[in-house]
Every structure is written in structure tokens, then in C-alpha cells.
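Below is one structure, written out as C-alpha cells, with a few remarks after it.
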Amino acid sequence: MAPIQIDTLTDANLERAANDIGLDRQQYVALFQVFVERVYQIIGELQAALRADDKETARRSIHTIKGTSQNMRLDMIASPAQDVEELVRSGKSALALAAIAKIQSSMENLIEQAELLGIHVERPD
């Protein structure tokens with residue numbers, strides 16, 4: 001059976017994702033909170049790498065966002081991250097920088113959905 005992918009964070013989807021990766025709800029929520037904080041850090045690193053034309057760091061950064069999102073079953077982040085990864089691979093840094101906005105927007109939506117479920121998430125400064 002293929003792993004589930006979450007497009008909207010609901011109680012049921014959260015439980016399914018947690019079970020799919022072998023965690024209980026509490027463990028998944030703790031991992032989710034770290035995930036959100038780390039993705040925002042990596043987005044900053046990615047933007048800096050793209051502006052400095054550091055292709056290797058940019059490639060690693062976006063691949064980490066994409067892979068971690070997939071591991072968490074969060075398709076709403078993994079999908080735009082994959083789009084950015086393709087732009088980075090093809091050397092389209094300016095387009096990749098612009099496309100990061102979709103990841104950021106998806107992260108904001110994800111945080112709002114989490115808060116509706118009573119999950120507190122630290123927003124970046």
C-alpha cells in the first residue's frame with residue numbers, strides 16, 4: 001500500500017500520517033513542531049544560497065525540505081518543494097527564489113490548520 005499524503009491537516013489525516021510512519025499522535029505532533037521550525041530555517045538558507053549562486057547548498061536545502069515533507073506525509077509542502085527543486089536543478093535561480101513563496105504560503109496554511117487542531121507552533125520571527 002502506498003504511503004498516504006496529506007493535503008489538508010485534519011485530526012483524521014494527522015492520525016493516519018502518524019500511524020503510517022509508526023508514531024502515535026503525540027510523537028507526530030512533537031516531530032511536526034520541529035519540522036515547522038526547521039523548514040523555516042532551511043528556507044532562509046535556501047534563499048541565501050540562491051542569491052549567492054551557491055548551487056550545491058541550494059540543491060541540498062530544497063532536497064531536505066522536499067524529503068522531510070514527504071517523510072511527514074505533508075504533500076502540501078512536498079509538492080511545491082519539488083517544483084522548486086526542479087528549478088534549482090535546471091539553474092533557474094531567480095524563478096526558484098520566486099517559487100519559494102508557494103512553500104511559504106503552504107507553510108502558513110499548514111500552521112493555521114495545526115492551530116485549529118490545538119497544535120501550538122512557533123512562527124518564525
(1) touching a helix residue (DSSP H, G or I) at 6+ places or on another chain (Cβ under 8 Å); (2) assigned to a helix (DSSP H, G or I); (3) charged (D, E, K, R) all hold for residue 123 apart from (2)
Subset of segment 69-114, residues farther than 15 Å from residue 7 by Cα and β-branched (Val, Ile, Thr), comes to 84, 88, 100
Inside segment 22-41, the number of residues satisfying the requirement of being in contact with a Ser or Thr (Cβ under 8 Å, 6 or more places away or on another chain), buried (at least 18 other Cβ atoms within 10 Å of the Cβ) and not β-branched (Val, Ile, Thr) is 1
Conditions (1) more than 15 Å from residue 17 (Cα to Cα); (2) surrounded by 18 or more Cβ atoms within 10 Å (Cβ to Cβ); (3) in contact (Cβ under 8 Å) with a residue 40 or more places away in the chain; (4) not basic (Lys, Arg) -> residue 114 fails only (1)
Q: Inspect all residues belonging to segment 3-10 and state whether any of them is under 21 Å from residue 124 (Cα atoms) and not in a helix (DSSP H, G or I).
A: yes
Residues of segment 36-57 being aliphatic (A, V, I, L, M) and free of Cβ contacts under 8 Å to residues at least 40 places away in the same chain, in sequence order, are 42, 48, 49, 52
* Asked: Quick check: is even one residue across segment 53-63 more than 20 Å from residue 98 (Cβ to Cβ), at pLDDT 95 or above and either of a type in the set (Asp, Glu) or surrounded by 17 or more Cβ atoms within 10 Å (Cβ to Cβ) (or both)?
  -> yes
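The values are calculated or read from the model by the stated rules, or taken from the named source; none is laboratory data. Everything numeric in this text was worked out from a predicted model, so none of it was measured. A quick note on method: Cβ atoms are made from the backbone with ideal geometry, for glycine too, and the neighbour counts reach across all protein chains shown.
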